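Report on one structure; see the data block that follows.
The values are calculated or read from the model by the stated rules, or taken from the named source; none is laboratory data. Just so it is clear, the structure is predicted and the values come from calculations on it, not from any experiment. Reconstructed Cβ throughout: ideal geometry from the backbone, glycine too, with neighbour counts over all protein chains shown. The accessibility values were calculated without ligands, DNA or RNA, using every heavy atom of the protein model including side chains. Shrake-Rupley method; radii C 1.70, N 1.55, O 1.52, S 1.80 Å.
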Amino acid sequence: MKNLVFVFTLLMAMACCTSEADRERMRALLDRADSMNRAYIPMTDGIDSLLLEATRYYDRHGDANQQMRAHYLLGCAYRDMGEAPAALQSYQDAIDRADTLSSDCDYLRLMSVYGQMAELFHAQNLPHDELAQRKKIGDYALLVGDTLSYIRNLL
């Protein structure tokens, strides 16, 4: 029994360690997904499982902005696959991981998360939920000085 506990502890310790190769692979995966998202290339080719792996990695080893980015991109993959509930959950997870009190918070990405949620609510004919998300976009747009986004999302 002691050997089994030792082996389990050793495996858990090894699983928590990361190498430079792991960090680089996860960063490259998020960069690829981000590029696909910006180019409007649907992420339907099985990238969701890779993004799920990256999301788990950054939940353990990343800062708040990296975690938010990973969850946001996972939500975008679910959105492209037509999985609105999973996309909304991933977007909500991204919002939950954002550290809005930090001076280096990625407010532009946070605005994108709320924007994607608003679009999903619009497609599902949920105007009250959509307007709530658009108000959040406007609030953060004012915070970063993006007047155009603020005006576009006025209630």
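Going by the structure shown, is Ala39 open to solvent by less than 70 Å² (accessible area, probe 1.4 Å), out of contact with any Asp or Glu (no Cβ under 7 Å at 6 or more places or on another chain) and at pLDDT 95 or above?
Yes; evaluated as a whole, the condition is true for this residue.
Name the residues in region 42-64 that are at pLDDT below 95, assigned to a loop (DSSP other than H, G, I, E, B) and open to solvent by 50 Å² or more (accessible area, probe 1.4 Å), would you?
Pro42, Thr44, Asp45
Could you please give the count of residues in region 85-114 that are out of contact with any Gly (no Cβ under 9 Å at 6 or more places or on another chain), without any contact (Cβ under 8 Å) to a residue 24 or more places away in the chain and among the small types (Gly, Ala, Ser)?
So the count comes out to 1.
Which count do you get for residues in region 65-97 that are more than 17 Å from Leu110 (Cβ to Cβ) and either surrounded by fewer than 19 Cβ atoms within 10 Å (Cβ to Cβ) or of a type in the set (Phe, Trp, Tyr) (or both)?
Number satisfying all stated conditions: 7.
So, in region 122-147, exactly how many residues are out of contact with any helix residue (DSSP H, G or I) (no Cβ under 8 Å at 6 or more places or on another chain) and closer than 24 Å to Ser102 by Cα?
Count: 4.
How many residues does region 132-143 hold that are aliphatic (A, V, I, L, M), surrounded by 14 or more Cβ atoms within 10 Å (Cβ to Cβ) and over 17 Å from Gln92 (Cβ atoms)?
The qualifying residues number 2.
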